[in-house]
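K.L.:
One structure follows; several queries about it will come next.
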Amino acid sequence: MIEPTLEYAQQKDREDKLSSFRSRFYFPRSKATLHNAAPNPHAAPGADAIYFCGNSLGLQPRQTADYMQQELKDWQDIAIDGYWHAHNPWMTYPQSLRPALSRIVGSLEDEVTVMNALTVNLHLLLLTFYRPTSTRYKILMEAGAFPSDQYALETQVKFHGAPGDSIIEIGPREGEKTIREEDILQIIDQHKDSLALVLLGGINYYTGQLFDMAAITAATHKAGAIAGFDLAHAVGNAPLRLHDWNVDFAVWCSYKYLNGGPGAAGGAFVHERYARNKDLIRLGGWWGNDEASRFKMEKGFVPKPTAEGWSMSTAQVFNMVSLRSSLALFEEAGIENLQAKSRELTGYLFQLLKSLNNLDFEILTPAEPHRRGAQLSLYFKAQAKAIHQKIIDAGVVVDYREPGVVRVAPAPLYNSFEDVHRFYHILESL
Ligand SMILES: Cc1ncc(COP(=O)(O)O)c(C=O)c1O
C-alpha cells in the first residue's frame, strides 16, 4: 500500500536493488532560488537538482569521461592503427554496441545498428520502406507527431510526387487526450487498399502514451503495408520486442533514456527479413558495404546482410563513446530490472499526483501501466508556464511542451522514490 510519506519513499529506496546506480551519474546543480520556501533540502541553490528530464536528455554517467579518455589516448598513441588496434577498435565500434542494444529493443544483433541521427535514419529507411505506387501511397501517422517526423513524412511525400491526400493523421476522439488503439486498427483497415506505411511513435512525446506495437504491426501487415516506429521515447524505457512483433523498421535517438549525450549517434532496426535482402533499394556508402570487399576499392556496392547495410559513412566514434559507457550500465542493471523499477517508480508518482487537490491539472498519460513508460504528462489548463517556472525554481528539472504540458519522467537508472516524494511535496506546497 503506497503511503505519501518520506519514510515510505526512503524505505522503497532501501529495498531497491538498483539504488546504487544513482551514484554513478552526475546531476546538474539545482537552480532553486534563495527565497524559495519549498520544504525541500534539494532546493538549496547548488545542491543536486531533482532531475526528471531523462525523456529529453539523459544524465552523464560518471564513467563516461574515462571511456572518452580511452579513445583520446588510443588516438594519441596509435593514430590510424586505432581502427584495428584501439582497445575498442573503431572499425567495428558500432558492432560492439549491438549486443546491449539488441537486448534493449528485443531484436537479433544483426537487426540493429548505430549511425547518424534519428531524422536522418528515418529518411534513409523511408527510401527503402516507403515506395508509393499510384494505388498504394498513403501514410498513417499521429496527429501532432513530433515535428521532425511530420517534416520528414511531408517531404518524403513531396520527394516522391505522391498525391496531396497521402498523409492520414489519427488523433484522440473529441474530448479525449490519447488515441484509442481500436481507432488506429480501424483506420488501418479502412485504408487497407491504399495504405503504404504506418509510422507512429512507440511512445507519444507529448502524452506519454505507449502504443501496442505488436497489434498495430499485425494490422498493418494484414492491410499489406509496412509498419515503422519512431522509438525516441520508448528505447531504454518501455519493454520492446521488435523482432517478435515483426516490426519492419524502427529508428531512435540515443540522448534520452539511453544517456548517450547531446547529439549522440542514433539507432536503427531493420527486421532480418529485409536486413538479409541485399537487393532492397537503398542509398549506399562504403560503411554499409560488405567488410570483405570494403577496402578493395572496387566498383559495385555489396550491402552487408544486416541493418548495417544502411550505414554510409565511417563510424562516428566520438558520437558513440558516451552511449557505449551508458550501455555498460544498462547491461549491469539488466533492462528487465530497470523496467520493473520504472513501473513502480512511475506508478508511485502517478498515485501521489492523483492525491493532490491544490492544483488544477490532468494527467494526460494513460493510467494503465502497460500503456505508458516512465513519463507522465501533466496538463495545466491555466498558468502552465508559470507553474513550470515555480517547479524549476524549487530545484526540479522537468520540461514544458506546448500547449500546457509539464513532462515528468523519473528514470529508473538514476531516480529514486525519494526524488518522487520530494517532487510531490513541492507540488503540494505550491
Ligand atoms: C519523438 C521524436 N522524434 C524525432 C526527434 C528528432 O530527433 P533528431 O534530432 O535526433 O533527429 C525527437 C527529438 O527529440 C523526438 O523526440
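The values are calculated or read from the model by the stated rules, or taken from the named source; none is laboratory data. Quick caveat, the model's predicted, so the values are computed rather than measured. Note: ideal-geometry Cβ built from the backbone for every residue, glycine included; neighbour counts use all protein chains shown. These accessible areas exclude ligands, DNA and RNA; they are computed on the full protein's heavy atoms, side chains included. Shrake-Rupley method; radii C 1.70, N 1.55, O 1.52, S 1.80 Å.
K.L.:
Which value, in debye to the nearest 20, describes the size of the charge dipole of the range 255-308 about its Cα centre when Lys and Arg Cβ atoms bear +1, Asp and Glu Cβ atoms bear -1, and nothing else is charged? If you can, show how the numbers build up before the last one.
P.N.:
Values: 9 positive and 6 negative charges, 15 e Å.
In total the dipole reaches around 80 debye.
K.L.:
Order Ser148, Ser326, most accessible first, counting only protein heavy atoms with a 1.4 angstrom probe. Mind showing how you got there, number by number?
P.N.:
Details: Ser148 30, Ser326 0 Å².
Output order, biggest surface exposure first: Ser148, Ser326.
K.L.:
Whole number in Å², please: accessible area per residue of the range 230-369, 1.4 Å probe, ligands, DNA and RNA not counted. Don't skip to the end; give the middle numbers.
P.N.:
Numbers: 5480 Å² over 140 residues.
With the other protein chains kept in place, the range 230-369 gives 39 Å² per residue.
K.L.:
Something else: In Å and on Cα atoms, what radius of gyration and Dmax does the chain show?
P.N.:
In Å, with Rg to one decimal and Dmax whole: 22.5, 70.
K.L.:
Now for a different question. So for Trp245, Trp84, Trp90, what's the accessible-area order with a 1.4 Å probe, most first?
P.N.:
Trp84, Trp245, Trp90
K.L.:
What residue among Glu142, Glu15, Glu331 has the largest mean-square fluctuation in a Gaussian network model of the chain, using Cα springs under 10 Å?
P.N.:
Greatest mean-square fluctuation among the candidates belongs to Glu15.
K.L.:
Another one. By accessible area of protein heavy atoms, probe 1.4 Å, what ranking do Glu308, Glu298 get, highest first? Each step should come with its number before you reach the end.
P.N.:
Working: Glu308 5, Glu298 130 Å².
Correct descending sequence by accessible area is Glu298, Glu308.
K.L.:
Could I ask something else about it? As I understand it, the dipole of the range 38-129 uses +1 on the Cβ of Lys and Arg and -1 on the Cβ of Asp and Glu, about the Cα centre. Which of Val112, Leu101, Tyr51 lies farthest toward its positive end?
P.N.:
The Cα lying farthest towards the positive end belongs to Tyr51.
K.L.:
Sticking with this structure for a sec: So how much accessible area does Met141 have, in Å² to the nearest 10, using a 1.4 Å probe?
P.N.:
Accessible surface of Met141 is approximately 0 Å².
K.L.:
Could you identify which residue out of Arg29, Arg294, Arg407 has the top mean-square fluctuation in a GNM of the chain using Cα springs shorter than 10 Å?
P.N.:
With Cα springs under 10 Å in the chain, the top fluctuation among Arg29, Arg294, Arg407 is at Arg294.
K.L.:
Which of the lysines could a cross-linker span from Lys296 if the Cα-Cα distance has to be under 23 Å and same-chain partners fewer than 8 positions apart are dropped?
P.N.:
Partners within reach: Lys278, Lys304.
K.L.:
Stokes-Einstein at 10 °C, 1.306 mPa s, Kirkwood radius from Cα pairs: D for the range 308-374 in µm² s⁻¹?
P.N.:
Values: Rh = 15.4 Å.
The estimated diffusion coefficient comes to 103 µm²/s.
K.L.:
Still on this structure: Run the numbers on the chain and let me know its relative contact order in percent, using alpha-carbon pairs under 8 Å that are six or more apart. Show your work: numbers first, answer last.
P.N.:
On the way: 838 pairs, mean separation 102.8, N = 430.
Relative CO of the chain lands at 24 percent.
K.L.:
Something else: How much of the accessible area of the chain, in percent, comes from carbon and sulfur atoms when a 1.4 Å probe is used?
P.N.:
Solvent-exposed carbon and sulfur of the chain make up 53 percent of the total.
K.L.:
Run the reach check for Lys385 against lysines, Cα to Cα strictly under 26 Å, same-chain hits fewer than 8 apart removed. What comes back?
P.N.:
Lys31, Lys177, Lys256, Lys354
K.L.:
Leaving ligands, DNA and RNA out of it, work out the accessible area of Lys12 with a 1.4 Å probe and give it in Å² to the nearest 10.
P.N.:
Rounded to the nearest 10, the figure is 40 Å².
K.L.:
Given a 10 angstrom Cα cut-off, can you work out which residue in Pro132, Pro163, Pro305 is the most mobile in a GNM of the chain?
P.N.:
Result for the chain, Cα springs under 10 Å: Pro163 fluctuates most.
K.L.:
Follow-up question, since we're still on this one. Ignoring everything but the protein chains, give the 1.4 Å probe accessible area of His123 in square angstrom, nearest 10.
P.N.:
60 Å²
K.L.:
Tally Lys and Arg at +1 and Asp and Glu at -1 over the other residues with C-beta under 9 Å from the C-beta of Ala223: what net charge comes out? Write out the running numbers ahead of the final one.
P.N.:
Details: positive: Lys192, Lys222; negative: Asp189, Asp193.
So the surrounding residues net to 0.
K.L.:
With every protein chain present, what is the per residue accessible area of the range 1-155 (1.4 Å probe, Å²)? Walk me through the intermediate numbers first.
P.N.:
Numbers: 7600 Å² over 155 residues.
The answer is 49 Å² per residue.
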